[in-house]
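> Dropping a structure here in structure tokens format, bear with me for questions.
The values are calculated or read from the model by the stated rules, or taken from the named source; none is laboratory data. What you see is a predicted model, and the numbers here were worked out from it, not measured in a lab. Neighbour counts run over all protein chains shown; Cβ positions are idealised from the backbone, glycine included. Remember, those area values only see protein heavy atoms, side chains included, never the ligands or the DNA or RNA. Shrake-Rupley method; radii C 1.70, N 1.55, O 1.52, S 1.80 Å.
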Amino acid sequence: MSGNLRDPFRTQAEYLAHDAPTKELAAVFESGGSAGYSDELRAMIVHELVLTRHDVANHPLVGRWARGSHWRHHGLGWLPLELTEFERSPGPRGARFEQGWEALLAGRSVDAAGRTIEFVETTTDDYTDRAAQAFAHWAKDSNGKIDAHEYLAADAVRDDDLRDLLVHAAPAFLGTTHTLRAIPATLTQAWLRLYQAGSAPSYYGSSPGGAHGRLYAWQSIAALTGAPVAATPDDIARLARTCRWFALDVTSAWFWDAWWVSDVALACIGPEPERVAVIAATGTD
């Protein structure tokens, strides 16, 4: 479903999940298709509720529908019905997330190792497409750019190898002149950055909403961890926990630097110690 067609459902789902009287929410899940409510709307409501930490599986109004197998063909039906631990803290709806991210970037970066490590680029179209999911609406609606890469090194990549490996790889987001710092981050911080990008509006476009933002963040995490397309959320979470995550603090002409939310650069080492995955995105007016 295109973003334009999804917009009314997003607004309605947010209202029904957060503000509507109980009887209105009940009508959506108890009346079946006869009242004109779609599975698209119901699926979005389910994950809006998940994001606010409702026990959806046991919810008196929503639980029976959410536990059913009839909507598992839907993209949102793939997501777990409760927040995974890396989605929980700080909460995905933290109003002052930008301050936390700026504080992270102000932290100490990993010093370069001063050694040359041999590597090859292994980027595939599949990796690029999946890693870019959280930023696809930036590119579609707001002159956004996305740069995604995978690399395989000859030896295990240490934290302090990452900066020099990227400098030698010269991805587009570094431009011809740049400053680059690699700052250790938690999986929670990486997921939250991707969720924020995937759920927030682009400069010209509307917001995909929390439910789809959650899906897009998971899809990007799956790519960054090297998870196969058929992987389950449990599979992806296990891989993600074995990886090392980094915020990349980059200054280069590639980034539009339009406003604080519009520039993202993340890196992942793992799950094999020789593998490095990177995603960068920027949006503008």
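> Looking at G283, G205, G198, G213, which one is of a type in the set (G, A, S) and over 15 Å from I146 (Cβ atoms)?
Matching residue, one of G283, G205, G198, G213: G213.
> Sticking with this one: I'd like the full set of residues that are open to solvent by less than 10 Å² (accessible area, probe 1.4 Å), under 16 Å from E82 (Cα atoms) and of a type in the set (V, I, T), limited to the stretch 182-241.
Within the stretch 182-241, I236 is the sole residue that qualifies.
> Go through the stretch 147-198 and give me each residue that's of a type in the set (D, E, K, R), at pLDDT 95 or above and in a helix (DSSP H, G or I).
Selection gives D159, D160, D161, R163, D164.
> Then there is this: Would you tally the residues in the stretch 140-163 being under 20 Å from C243 (Cα atoms) and open to solvent by 30 Å² or more (accessible area, probe 1.4 Å)? Spell out how you get there, then give the answer.
Just the residues of the stretch 140-163 that are under 20 Å from C243 (Cα atoms), to begin with: 148-163.
Next, only the ones that are open to solvent by 30 Å² or more (accessible area, probe 1.4 Å) stay: 152, 154-156, 158-160, 163.
Adding up the residues that qualify gives 8.
> Looking at the stretch 35-85 only, could you name the residues that are under 15 Å from L215 (Cα atoms), assigned to a helix (DSSP H, G or I) and open to solvent by 30 Å² or more (accessible area, probe 1.4 Å)?
Residues satisfying the conditions are G75, W78.
> Which residue pairs have Cβ atoms closer than 8 Å, lie 6 or more positions apart in sequence or on different chains, and pair a first residue in the stretch 159-170 that is within 11 Å of A182 (Cα to Cα) with a second residue that is open to solvent by less than 50 Å² (accessible area, probe 1.4 Å) and in a helix (DSSP H, G or I)?
L166/L174
> Among the listed residues A267, A253, which satisfies the condition of being touching a residue at least 24 places away in the same chain (Cβ under 8 Å) and farther than 24 Å from D160 by Cα?
Working: A267 fails: farther than 24 Å from D160 by Cα.
Going through A267, A253 in turn, the sole match is A253.
> Pairs under 9 Å by beta carbon, first residue closer than 11 Å to V157 by Cα in the stretch 109-121, partner open to solvent by 30 Å² or more (accessible area, probe 1.4 Å) and of a type in the set (A, V, I, L, M), six or more apart or different chains?
Short answer, once both residue conditions are applied: I117/A154; E118/A154; F119/L152; F119/A154.
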